Structure formats: C-alpha cells, structure tokens
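In what follows, a structure is listed as structure tokens, so that the remarks can point back to it.
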C-alpha cells in the first residue's frame, strides 16, 4: 500500500494509539436509512483514496444507513492489509442490552468483512438501559478478541465515569462534537476530564459543516494569512494541537482531502491558539476557567 502522507499518531499512557486525522463515513450510503439511489462506487472509491493517501483510521457505525455504510467500508478495505488499518465502528443506543450489543458487534463484523474490530464504540448513551449491563457485554467482546478496545461517544463526565466504573477494561476514547465554534465539551469539563484520565478525544465535525470557509471571520482570516493556510486547515490544526485530541472528517472530494491532510503538517503557536480559544467571533460561552496550558500540548 502506497501512502502519500505520513499521518502523525498520538499515544495514550495505556498504549492505545490513534492517528491525528481519520476518515469519517457519515452519510455514505444514506443517513439513518439506506439510500438506494446512492452512488456506492463513489463512496468506496473515496474510502480507498483516503487509505492510499495515508489515512489508516476509518470510522463508521452500525447506525449509518442501516448498516450499509459498514458494508461499503468492508468492500473498500478488502484489498488492503487489515493490520495496517484501524477500524472503528459504533453500536446504536437502542442495542445496548447485553445480547443486543453482542449481536450488533457480530453483525458489524459480517458487514465489514473482518474478524475483529479495533475500537468498538457506544454511539450515544441510553438512560433507559443500565450501563453496567452494557459494559459487561463490551468486556465480553474484549475477552473474545472481537474488539481490541472499547470507546464511548457523546458521553459527559458523569456518564463516562459510570461506564468506566462498570468496565473491567479501560475505555480508551470519547467521540465528541468539538471544534472552534462548538465548545460544549470544553465548557462542561468533558475535555479536561478526558485529558486528565488518559482518554483520547475524537473530535467529530471539525469544520462545522463548512462554516469556517463559507463565512468570513476577521480573526480567523488573520490567522490564515499568517500561516498561509485555509480556514479548514486552521480549524483542524487548532484541534489536533490540543492534548489527547484527534479528529475525523469525511470528504468525497480529492482536493478537499489534500487540503485536510495539509492541516497536519504544521503547528500553530500557543499564542494564536489562545487567541482563537478566547476571541473567536460568535462564541457566546465563557471560557474564564479554562487553563490553556492544560488544553494545549507543550511544544
């Protein structure tokens, strides 16, 4: 497999590793429901192009397109060495009872065409299902080597603590909606908690649906001009320069993919990260209690 870019990797103290940039597959093959008019071949080609560009973390979910997205990923990765890839998939929140979760994992394996999952993630918390039952099933999957690691998605601090207390295996990651504009997980303490407890944060929607490139922000434009980078590249770099934070993003466009990968080849100064953290336009939430030294990795 020829890789055109070397994606940097972040490693936790427990040994778990993820590249700073991974390929997301949301809306490939449909949204929650499969789109039978979807151009599956284009999606498969996009995943292959990402892999051949050096991206080796592929993120998907059973909930995407009624499992069809996993099938597309499976068709895309079959020609590549499985051990060279990190495949993350997620179990839907309605399938968190013990037997349902195990069946979901087995179905994901079949659709992906693989005999193990690198990271199996709970897609969203479900307050109507006891998390201890769910985590027992996750532990079973680890014990049978169906998954190498377990993770969570969209869990706040209290929810994360409850899950970890119910698990005999370390939960290695938390997928969170976090970017320059969307600061919720930072302001409620989830980012800090994950950093303090050796948990990888997988920030999804780093470009906030194109917001940063479609609208003019004076401060962002100044930062872009200083580094000769695009708004998307600044937004991605701002994320991955923070402690324990990596990101995932989807694109079918080769030029956009190259743009995103180019966001990984440089590092913003702490001063500029601080400017964006505190002064980015249209941020109405307070950031008074955020310790920048903890948020940002030492250079």
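Numerical summary
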| item | result |
| --- | --- |
| 3 or more residues without any contact (Cβ under 8 Å) to a residue 60 or more places away in the chain and over 23 Å from residue 126 (Cβ atoms): qualifying helices (runs of 4 or more DSSP H) within region 1-113 | 40-52, 68-77 |
| Residue in region 268-282 that is closer than 27 Å to residue 45 by Cβ and either at pLDDT below 95 or assigned to a loop (DSSP other than H, G, I, E, B) (or both) present | no |
| Number of the exception - residue 221 against (1) buried (at least 18 other Cβ atoms within 10 Å of the Cβ); (2) in a helix (DSSP H, G or I); (3) without any contact (Cβ under 8 Å) to a residue 60 or more places away in the chain | (1) |
| Number of positions in region 153-167 that are surrounded by 16 or more Cβ atoms within 10 Å (Cβ to Cβ) and either in a helix (DSSP H, G or I) or in contact with a helix residue (DSSP H, G or I) (Cβ under 7 Å, 6 or more places away or on another chain) (or both) | 10 |
| Among the residues listed as 174, 169, 244, the single one being modelled with pLDDT of 95 or more and at positive phi | 244 |
| Lone unmet requirement of (1) surrounded by fewer than 16 Cβ atoms within 10 Å (Cβ to Cβ); (2) more than 19 Å from the chain's Cα centre (by Cα); (3) part of a loop (DSSP other than H, G, I, E, B) for residue 198 | (2) |
| Matching entry among 118, 40, 59 (being more than 16 Å from the chain's Cα centre (by Cα), modelled with pLDDT of 95 or more and on the phi < 0 side of the Ramachandran plot) | 40 |
| Residue list for region 118-131, filter: assigned to a helix (DSSP H, G or I) and farther than 19 Å from residue 154 by Cβ | none |
| Whichever residue in region 244-257 is touching a residue at least 40 places away in the same chain (Cβ under 8 Å) and under 21 Å from residue 39 (Cβ atoms) and, among such residues, is surrounded by the fewest Cβ atoms within 10 Å (Cβ to Cβ) | 254 |
| Matching residues in region 168-186 - criterion: being farther than 23 Å from residue 120 by Cβ and crowded, with 16+ Cβ neighbours inside 10 Å | 179, 180, 181, 182, 183, 186 |
| Among residues of region 112-128, those that are farther than 17 Å from residue 59 by Cβ and out of contact with any helix residue (DSSP H, G or I) (no Cβ under 8 Å at 6 or more places or on another chain), counted | 2 |
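The values are calculated or read from the model by the stated rules, or taken from the named source; none is laboratory data. As the structure is a computational prediction, the values presented were derived from the model and not from experiment. With ideal geometry, Cβ positions are generated from the backbone for all residues, glycine too; neighbour counts draw on all protein chains shown.
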